[in-house]
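Reading through the structure tokens given below for one structure.
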Number of protein chains: 2
Amino acid sequence: MPVTIIKAWTDVQASSTTHIVLMEIVLLGSGNIATHLGKALKMAGQNISQVWSRNNEKATELADAVGAVPVSELSEVSYSADLYILAVNDDAIRSVAEQISISDGLLVHTSGTTGLDVLEGVAGRTGVFYPVQTFSKSKAVDLRKVPIAVEGSSPEVTNTLHSLASRISEKVMSMNSVQRRTVHVAAVFACNFTNHMYVLANKLLADQHLDFDLLRPLIAETALKIQTAEPASVQTGPAVRDDQSTMDKHLELLADDPALSELYGKLSQSIINYQK
Amino acid sequence: MPVTIIKAWTDVQASSTTHIVLMEIVLLGSGNIATHLGKALKMAGQNISQVWSRNNEKATELADAVGAVPVSELSEVSYSADLYILAVNDDAIRSVAEQISISDGLLVHTSGTTGLDVLEGVAGRTGVFYPVQTFSKSKAVDLRKVPIAVEGSSPEVTNTLHSLASRISEKVMSMNSVQRRTVHVAAVFACNFTNHMYVLANKLLADQHLDFDLLRPLIAETALKIQTAEPASVQTGPAVRDDQSTMDKHLELLADDPALSELYGKLSQSIINYQK
């Protein structure tokens with residue numbers, strides 16, 4: 001399978017590439033992504049041999065959960081694994097990668113924003129394995145419904161990563177680094193900024209001694225609506241109606257908080273502009 | 001029951017005020033709120049006698065659905081109903097209210113932003129009946145889970161509205177006009193601005209020929225997380241980590257769109273400020 005842009009979900013069942021051998025995998029990192037990926041890969045029958053983390057306790061905890069050996073020094077990382085998953089902070093990817101020795105194993109990072117080129121020269125076969133989801137350690141997520149974007153340094157690597165990803169998710173896409181970064185920025189809007197909207201709403205309510213439960217059904221319904229609809233087609237509120245009188249009343253209420261007033265104005269203007 | 005601030009959900013089952021007589025109700029308006037409230041009240045056994053709307057066709061459609069008579073002139077509105085629900089645009093509330101004659105019926109509007117005082121002098125008994133939800137005509141919503149904020153011009157009116165609301169929702173609160181406006185502004189952040197985040201994310205993906213399905217599971221998970229958690233405790237993303245390098249890469253990708261870049265910067269700064 002060539003490294004082309006696939007715009008629809010790949011039909012995993014029909015793919016001839018799903019039959020891959022058991023892999024020996026080393027997890028580098030013990031954060032949310034390492035934890036969720038590690039557990040899902042273990043469940044899918046893969047062999048996680050080691051978990052490395054700077055944090056001994058976290059390495060041990062995750063290693064125990066996936067039947068692996070915890071290691072705290074990068075020099076102890078196995079030379080002969082098939083796959084090394086670098087699930088560390090973006091700015092640590094390069095330095096961790098440079099400190100391990102890999103024979104002919106495949107080295108991948110899990111970052112949405114970082115290009116594949118960050119791994120250039122560190123290993124012969126490199127790639128990216130990026131799950132499009134927000135993970136909390138304490139909350140289980142069904143990875144089968146989580147899109148996974150893969151990229152490889154060669155068609156063979158992309159193929160291998162695609163097959164592996166298909167073992168844990170029904171939604172696997174090959175994507176280049178620019179596309180993946182776009183997905184990551186879009187996810188910042190759809191997830192991080194959205195959650196910040198919830199934070200601001202909660203703050204407004206709390207200032208009036210009102211419970212956030214007042215908005216929880218509304219938030220659920222807003223996210224539910226776009227599961228089947230295009231977001232622009234279900235936009236509601238004063239800005240999309242260009243209802244200046246209501247927006248003025250809202251700005252009056254927010255007058256004590258200049259930062260929040262400004263944000264209200266900018267977001268309303270963005271909605272109005274988008275309509276045009 | 002006095003018009004005090006109730007900060008927890010009222011225990012409807014334990015309330016002695018839930019036993020109210022059957023009401024004759026006139027619906028003024030045929031939009032989303034009139035439709036959803038009308039159907040729910042009808043299902044709860046209330047008698048909807050008339051539906052008035054400037055739009056004949058819509059009046060007839062809703063009237064048919066709730067077993068009422070459609071009227072297209074305000075002069076035809078019954079003089080003797082128990083309750084008049086004004087579910088019209090905020091800026092039409094006063095003028096519609098002034099054109100109907102009410103004997104001793106109760107007149108309420110359904111606006112989050114508009115104060116109770118907009119109805120001053122129009123009827124002897126006035127109130128507000130505000131469901132905290134986003135409604136689309138085509139999509140059914142279970143009103144029992146939707147918070148309803150009520151306010152009355154007297155304790156007796158508040159009591160009556162509270163009882164009526166309790167017939168269709170498990171979550172009824174008495175709230176003054178400032179609190180209700182706060183809830184509405186908070187809802188603009190949590191619903192309208194949130195949906196706009198989805199719109200912007202979708203636009204980014206579409207520009208790269210990527211499907212919005214990539215983000216739907218993430219959006220669902222983001223809304224699901226805060227059903228049990230405080231939003232600030234589950235904030236993720238580059239801004240909350242003050243990860244300037246990732247934010248710079250994102251801004252680079254957005255460089256062609258100055259408005260979107262600015263919004264990205266403002267929202268990231270708001271997250272950073274909130275952390276402090």
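The values are calculated or read from the model by the stated rules, or taken from the named source; none is laboratory data. It should be emphasised that the depicted structure is a prediction, and the values quoted were computed from it without experimental measurement. Methodologically, a virtual Cβ is constructed for each residue, glycine included, from the backbone with ideal geometry; neighbour enumeration extends over all protein chains shown. Areas reflect the complete protein model, heavy atoms only, side chains present, ligands, DNA and RNA absent. Shrake-Rupley method; radii C 1.70, N 1.55, O 1.52, S 1.80 Å.
The Cα-based radius of gyration and maximum Cα-Cα distance (Dmax) for chain B are 22.2, 68 Å.
Between the alpha-carbon centers of segment B:48-70 and segment A:114-177, tell me the distance in whole angstrom. Each part's Cα centre sits 55 Å from the other's. Close amide H pairs (under 5 Å, H built 1.01 Å from N) link residue A:47 with A:23, A:25, residues at least 5 positions away or on another chain.
Evaluated with a Cβ-only charge set (Lys, Arg +1; Asp, Glu -1), chain B carries a dipole of roughly 580 debye about its Cα centre, given to the nearest 20. The helix-based estimate of mean residue ellipticity at 222 nm for chain B, built from -39,500 (n - 2.57) per DSSP H run of four or more residues and divided by its residue count, is -12000 deg cm²/dmol to the nearest 500. Pairing chain B with chain A buries about 8900 Å² of accessible area. This figure sums both sides and uses a 1.4 Å probe.
Just to confirm my numbers, what's the Cα centroid distance between segment B:21-36 and segment A:94-108 in Å? Centre-to-centre distance over Cα atoms comes out at 67 Å.
Equivalent-ellipsoid semi-axes (√(5λ), Cα gyration tensor) for the protein assembly as shown, whole Å, largest first?
In descending order the semi-axes read 53, 22, 22 Å.
Ranking A:119, A:108, A:146 by how far each Cα lies toward the positive end of the dipole of segment A:86-147 (charges on Cβ) leaves A:146 at the top.
Loop-located GluC sites (Glu not before Pro) across segment A:19-110 with a Cβ neighbour count of 10 or fewer within 10 Å are A:73, with loop assigned by DSSP. Working note: Cα gyration tensor of segment B:195-274, eigenvalues times five, square-rooted, sorted largest first, giving semi-axes of 21, 19, 10 Å. Near residue B:84, the amide H atoms lying under 5 Å from its own belong to B:26, B:106, B:107, B:108; only residues 5 or more places off or on other chains count, and H is placed 1.01 Å from N.
Here segment B:110-163 was treated as a single set of alpha-carbon atoms; its pair distances binned every 10 Å from 0 give 23, 46, 25, 6 percent. Averaging over all projection directions, the Cα-based convex hull of segment A:76-142 occupies 5.3 nm² in the image plane. For segment B:88-99, the Karplus equation 6.51 cos²θ - 1.76 cosθ + 1.60, evaluated at θ = phi - 60°, returns couplings of 10, 4, 3, 7, 9, 3, 4, 5, 5, 4, 6, 8 Hz by residue, with Gly and Pro reported as x. Among chain A residues, the one whose Cβ is nearest the axis of the rotation from A to B, given with its distance rounded to whole Å, is A:223, 2.
When A:209, A:109 are compared by accessible area of protein heavy atoms, the largest-first order is A:209, A:109, using a 1.4 Å probe. Annotation for residue A:117, label-to-label distances across the other copies: 6.2 nm (shortest first, one decimal, point 7 Å from Cα along Cα→Cβ).
Rg over Rh for segment B:94-239 works out to 1.09, both radii taken from alpha-carbon positions and Rh defined as the Kirkwood radius. Can you pull the percent of chain B's accessible area that's carbon plus sulfur, 1.4 Å probe, other chains left in place? Its accessible area is 49 percent carbon and sulfur atoms. Placing a label point 7 Å from Cα along the Cα-to-Cβ direction at residue A:256 gives distances to the equivalent points in the other copies of 4.5 nm, listed shortest first.
By the combined test of axial Cα extent (at least 27 Å) and Kyte-Doolittle hydropathy (mean at least 0.0), none of the DSSP H helices of chain A qualifies.
Per-residue surface analysis assigns residue A:139 an accessible area of about 60 Å², computed on protein heavy atoms at 1.4 Å probe radius.
Say the dipole of segment B:135-276 comes from +1 at the beta carbon of Lys and Arg and -1 at that of Asp and Glu; which of B:168, B:205, B:271 then lies farthest toward its positive end? Value: B:168.
Protein heavy-atom accessible surface, 1.4 Å probe, per residue over chain A: 40 Å². For residue B:139, the label point sits 7 Å beyond Cα toward Cβ; its separations from the matching points on the remaining copies run 1.9 nm, from shortest to longest. Segment B:201-276 and segment A:182-202 have Cα centres spaced 4 Å apart.
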